[in-house]
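The values are calculated or read from the model by the stated rules, or taken from the named source; none is laboratory data. Remember, predicted model here, so these are calculated numbers, not experimental data. Ideal geometry is used to build each Cβ from the backbone, glycine not excepted, and the neighbour counts take in all protein chains shown. Just the protein is used for accessible areas: all its heavy atoms, side chains included, with ligands, DNA and RNA removed. Shrake-Rupley method; radii C 1.70, N 1.55, O 1.52, S 1.80 Å.
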Amino acid sequence: MKKLLMYNLIRQLLFTLLGLLLFTSCDEDDVNNQSVIKELLATASSETTVADGGVIKFIDLSLGVENRQWTFPGGTPATSDIPEVDVVFSEEGEVIATLEVEYVDGTTEVMEFPITVFPVLIADFIPSATRIRVGESVTFTDNSIGEATSWNWDFEGGTPATSTEQNPTVTFNVNKPVTISLTVTRALDGSEASIEKVDLVQVGPPELMLNGDFEDGAIVGWQTWNGGGFAYAVEDGGANGTAKTSYFNYDATWGFAQLISRDKDPSITVAVENGKNYTISAYVKAATAGVANLNTFRLVNHLPDWSSSFPAGGTPEGYSEYYPISGSTIPVALTTDWQLVSVEVSIPDDGNSRTNSFPDLVFGSDSDVKISVDEISIKIVE
């Protein structure tokens, strides 16, 4: 019996010791497991950005972190201790952002993020000339900032009309101011920038007649006369691809119908130079062919002191007329299609001042007929 009791006591003691050993082993495993749960893990939304432009998002996903410190050279913010932060870099070049974490066990670890900060891409260019004759060429030199790698040009009225060259040469065969646009891209980061320069190059002589088209839908500075004034209005359907035109309804009893713009706003008056030739032109048509004519087409200068165009302190200028020396044969029989009537006049070199010049158009018909007039123009002969 004593032996049996001793055996049971020893067995119980062994089990107790074994239990203690197992419990101690589990505690050590837990401690070891806790030391393994630390891991450095962080991301950046991009490796490239544009100075003072795009935002890069940095996220710390590390495990077992007690403290963290982000550092962003040249960035805003420059440092941070929060897990997720948006950063804008202001200086171009190569920078290295860093994340240093301190784990719960007091150890530290660092991760680096190389970032390429590109310069801001700005499109720009320079023309070799801003005033040319019809048929001449202009070279456009790329002046963009930011290391562009491709170019897309659009040339109003140009040949070619588009180009992907960096510095293209373009010929213009229109007589008007033309608009040029450029879009540049940078392959390294996909950045794109554009610029448009409106009416950059004046091709051919500039338009002096500032109230000769009717695209704003109004009659500005024009007078009508047939012994008195008559109705003169604007409607859709302009000449030469324009949206609007002027028109009036001719009455067979009138005898004539005259359009002049002598007493217009002083800000749009036309001054002509002595000893120079000028082209005056207009598009004309009638609702019925063969019943109406443009009988007179001339340039007139007149600045009486009673005119609304007369400037304060100005000097009156007498009435003078300048008839065609070349161009379309006047009179012109109107058709139902737009006709461009263009004539050249010569201004004498007599020392007189001519600061209020305007086209004078006189129509005639034996029938009631609608007459349309558009794109009335004065240009110096270069």
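P(r) tail, region 308-382: Cα-Cα pairs separated by more than 19 Å, 51% of all pairs. Computed 3J(HN,Hα) for region 173-182, one whole-Hz value per residue from the Karplus formula 6.51 cos²θ - 1.76 cosθ + 1.60 where θ = phi - 60°, is 10, 10, 10, 5, x, 10, 9, 10, 10, 9, glycine and proline marked x. For region 372-382, 3J(HN,Hα) computed residue by residue from phi via the Karplus equation (6.51, -1.76, 1.60; θ = phi - 60°) reads 10, 9, 8, 6, 6, 9, 10, 9, 6, 7, 8 Hz, glycine and proline entered as x. For the pair region 44-82 and region 289-347, the centres of their Cα atoms are 73 angstrom apart. Here's how it looks for L41: its modeled amide H is under 5 Å from those of L61, S62, L63, which are all 5 or more places away or on a different chain.
Normalised Debye scattering of region 110-164 at q = 0.27 Å⁻¹ gives log10 I(q)/I(0) of -1.19, counting only Cα atoms as equal scatterers and leaving out solvent. How many angstrom lie between the Cα centre of region 225-278 and the Cα centre of region 103-164? For region 225-278 versus region 103-164, the Cα centre distance is 47 Å. In the context of the full set of protein chains, residues of region 33-190 present 52 Å² of accessible surface per residue (probe radius 1.4 Å, heavy atoms only). Estimated from helical segments only, the mean residue ellipticity of the chain at 222 nm is -3500 deg cm²/dmol, where each DSSP H run of four or more residues counts as -39500 (n - 2.57). Over region 258-306, accessible surface divided per residue gives 37 Å², non-protein components excluded, 1.4 Å probe.
Of K244/K285; K176/K379; K276/K379; K176/K197; K285/K370; K264/K370, which ones are farther than 18 Å apart at the Cα? Violating the 18 Å limit, Cα to Cα: K264/K370.
A cut-off of 5 Å between modelled amide H atoms, ignoring neighbours fewer than 5 places along the same chain, links V201 with V178. On the principal axes of its alpha-carbon atoms, region 159-313 has extents of 74, 47, 28 Å, going from largest to smallest.
Accessible surface of region 245-366, 1.4 Å probe: 47 percent of it comes from carbon and sulfur atoms. Relative to the longest principal axis of the Cα atoms of the chain, the long axis of helix 2-36 lies at roughly 20 degrees. The slack between A129 and D81, meaning 0.36 nm per residue of separation minus the straight C-alpha distance, is 11.6 nm. Here the accessible area of region 107-238 is 50 percent carbon and sulfur, with a 1.4 angstrom probe and all protein chains present. Sorted largest first, the principal axis extents computed over the alpha-carbon atoms of region 85-221 equal 87, 35, 18 Å.
Taking Cα Rg over 2.2 N^0.38 Å as calculated from this structure, the corresponding entry among (i) 1.99; (ii) 1.27; (iii) 1.04 is (i).
In this Cβ point-charge picture (+1 for Lys and Arg, -1 for Asp and Glu), the chain has a dipole of about 700 debye about its Cα centre.
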